[in-house]
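The values are calculated or read from the model by the stated rules, or taken from the named source; none is laboratory data. Note that the structure is a prediction, hence the values are computed from the model and not measured. For neighbour counting, all protein chains shown are included, and Cβ atoms are generated from backbone atoms with ideal geometry for every residue, glycine included. Each accessible area value is taken on the protein alone, full model and side chains, heavy atoms only, with ligands, DNA and RNA left out. Shrake-Rupley method; radii C 1.70, N 1.55, O 1.52, S 1.80 Å.
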Amino acid sequence: MTVYATFDSPLGELLLVGEESPTAPGGTALTSVSAPDQKTAPAVDAAWRRDDEAFAEVRRQLGAYFAGELTEFALEFTGASGTAFQRRVWQALEEVPYGTTTTYGEIARRLEVSRQETRAVGAAIGANPLLIVRPCHRVIGADGSMRGFAAGIERKIELLTREGALQPTLI
């Protein structure tokens, strides 16, 4: 059974989606975290059941992250979604430390992906269903540019600034 809840964040109301799982804490394994208007975000289906309690730990950790008290998530989420290649890329994302950035090319090098396949790395990062929790926002262009974030570049900048990887801009 698919369950969902929402979480009010500085990025807007996040949609939390999960599958009931007897082995997961709270009985729910997280499958998706998405922001409003995010490309590739799931839409609530009539067959899904709203269950705010099922996501109590997810909400607690997101709250601590946004309060600057948490730098690494410890949540159970399903690993079965995505192709084997996507899962390899997503694992590499999980290894990018809080407060740092890396590049698409660096992820490709780490995974020993040919230069011609670097775009596939970008596509896999773009297909990441776990916004924030699996830190795809920490991947930037080789020239330092902000690009390729399904939830919007403004949100990417907000997250990187919050983590101290970018300096706030003065306007």
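What to note about this one:
- Residues being more than 23 Å from F73 (Cβ to Cβ) and either open to solvent by less than 50 Å² (accessible area, probe 1.4 Å) or among the hydroxyl-bearing types (S, T, Y) (or both) - total across segment 129-147: 3
- Pairs where the first residue, in segment 99-116, is within 11 Å of R138 (Cβ to Cβ) and the second is surrounded by fewer than 16 Cβ atoms within 10 Å (Cβ to Cβ) and among the aliphatic types (A, V, I, L, M), C-beta under 7 Å, 6+ apart: T103/A142
- The number of residues in segment 64-113 being in a loop (DSSP other than H, G, I, E, B) and either crowded, with 17+ Cβ neighbours inside 10 Å or not acidic (D, E) (or both) comes to 21.
- Filter result (of a type in the set (A, V, I, L, M) and either assigned to a helix (DSSP H, G or I) or touching a Ser or Thr at 6+ places or on another chain (Cβ under 8 Å) (or both)) within segment 133-147: V139, I140, A142
- Condition met for E158 (in contact with a Leu (Cβ under 8 Å, 6 or more places away or on another chain), surrounded by 14 or more Cβ atoms within 10 Å (Cβ to Cβ), modelled with pLDDT under 95 and of a type outside the set (A, V, I, L, M)): no
- Filter result for A150 (touching a Gly at 6+ places or on another chain (Cβ under 7 Å), surrounded by 13 or more Cβ atoms within 10 Å (Cβ to Cβ) and either in a loop (DSSP other than H, G, I, E, B) or among the polar types (S, T, N, Q) (or both)): yes
- Residue within segment 21-40 that is on the phi > 0 side of the Ramachandran plot, among the hydroxyl-bearing types (S, T, Y), open to solvent by 40 Å² or more (accessible area, probe 1.4 Å) and in a loop (DSSP other than H, G, I, E, B) present: yes
- Residues that are open to solvent by less than 60 Å² (accessible area, probe 1.4 Å) and either in a helix (DSSP H, G or I) or not acidic (D, E) (or both) within segment 41-58 comprise A41, P42, W48, A54, F55, A56, V58, listed in sequence order.
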